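Trainee: A single structure is presented below for examination.
The values are calculated or read from the model by the stated rules, or taken from the named source; none is laboratory data. Quantities reported herein were computed from a predicted structural model and do not represent experimental measurements. Glycine also receives a Cβ, built like all others from the backbone with ideal geometry; neighbour counts cover every protein chain displayed. Accessible surface is based on the protein model in full, side chains and every heavy atom, while ligands, DNA and RNA are left aside. Shrake-Rupley method; radii C 1.70, N 1.55, O 1.52, S 1.80 Å.
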Amino acid sequence: MNTKIKILILGVITVILIISVYLISQKEIEPPPAILKIDGKEQISGIGSYCWTERWNALCADMVGISTAQEPLIASSPFTAHLRLPLQEAPYELRFDVIRVNHENQINLSARGWRWWDIRDTQTKNFILILESEQDIELSLEPGLYVLSVGAWWTEKGSASYGFLVEVRTNGTGVVSTTSGYPVNQTPPSNMTTSPAITKFQPDAGTIGTKVVITGTGFTARDNNVAFRRAPEDAPIAGYQVGYINNLISSDGRTIEFEIPELLGACAFPLPQTIPVTVCPAVGIPFKPGTQTYPVFVVNQNGTSNRVNFTVSR
């Protein structure tokens, strides 16, 4: 075989490989769904906004609302919901929102056979779950229609949001339950009607030692945690993409004051009551050198707040 034919064959093989890699990279990237089980019946989640990584490529997608199955799971309050995430790897952060909806909140979309929900101006309670890929959640909710929204973040694969639809009916005795829901192994929030929410930072940037005041609602008298989310590639210690300033007080429920520390803690307190007992690693998480903007949120027994950007220079 002469040299020209060899070069031609190698060229054809190279083109085929390039096309193959391109086609693989253009394949739709999407996280696998989560599953919720109530009274022996399962529901496959809708998939909301996500940033997901596959072997050859990665994709971020923002959705207009929360997607769920067409038909709700039926429950009588109180009930136990079993959540199963799609990965065996435990997430490093997990958010659970209970959202009261009605048919006016439904978005006129039929994409992928899901029902889509606009959750603006809805009654929402958010909570922190145990960082496990599978767990039971005990809920006691008033009769009505609810979207259960789950947000999960993994070190390797990225993040995904999931939606489930549940209809709560009377408990069979004609008595209407009026107790709000909370996750199993968690202490009920001290203020069941107000999840934490950040209105503003003053200032919204600073260096180590800068005094900061957070204004908002839903802060507890003690055990408020201010959380700084780090990009996974910036984390010096695997698995700690969120660092916390712990044990912050709020005398009025509307403001929290703190100083930016050299190091952040690895856990939000109080720790969930688990068997075996959860122990927080004694590690210090530093801020990234230079100037970096972090999504910051408040975590307490009322739940998890919205995220507001804060810039730290060191």
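Trainee: Which of the residues that make up region 39-52 are assigned to a strand (DSSP E or B) and surrounded by fewer than 17 Cβ atoms within 10 Å (Cβ to Cβ)?
Mentor: To start, the set of residues in region 39-52 that are assigned to a strand (DSSP E or B) comprises 41-44, 46-52.
The answer is LYS41, GLU42, ILE44, SER49, CYS51.
Trainee: Further question on the same structure: So which of GLU134, GLU138 ends up being modelled with pLDDT of 80 or more and touching a Lys or Arg at 6+ places or on another chain (Cβ under 7 Å)? First the steps, then the outcome.
Mentor: Details: GLU138 fails: touching a Lys or Arg at 6+ places or on another chain (Cβ under 7 Å).
Checking each option against the conditions leaves just GLU134.
Trainee: Of the residues that sit in region 53-79 and are in a loop (DSSP other than H, G, I, E, B) and open to solvent by less than 70 Å² (accessible area, probe 1.4 Å), which one is modelled with the lowest pLDDT?
Mentor: Only one residue fits best here, namely ASN57.
Trainee: For region 201-231, how many residues meet the condition of being under 20 Å from the mean Cα position of the chain (by Cα), of a type in the set (Lys, Arg) and assigned to a loop (DSSP other than H, G, I, E, B)?
Mentor: 1
Trainee: Can you name the condition, by its number, that GLU93 falls short on among (1) modelled with pLDDT of 85 or more; (2) open to solvent by less than 30 Å² (accessible area, probe 1.4 Å)?
Mentor: Exception for GLU93: condition (1).
Trainee: Would you say PRO86 is touching a residue at least 12 places away in the same chain (Cβ under 8 Å), in a loop (DSSP other than H, G, I, E, B), open to solvent by less than 30 Å² (accessible area, probe 1.4 Å) and not β-branched (Val, Ile, Thr)?
Mentor: Details: touching a residue at least 12 places away in the same chain (Cβ under 8 Å): yes; in a loop (DSSP other than H, G, I, E, B): yes; open to solvent by less than 30 Å² (accessible area, probe 1.4 Å): no; not β-branched (Val, Ile, Thr): yes.
So PRO86 does not fit the description; no.
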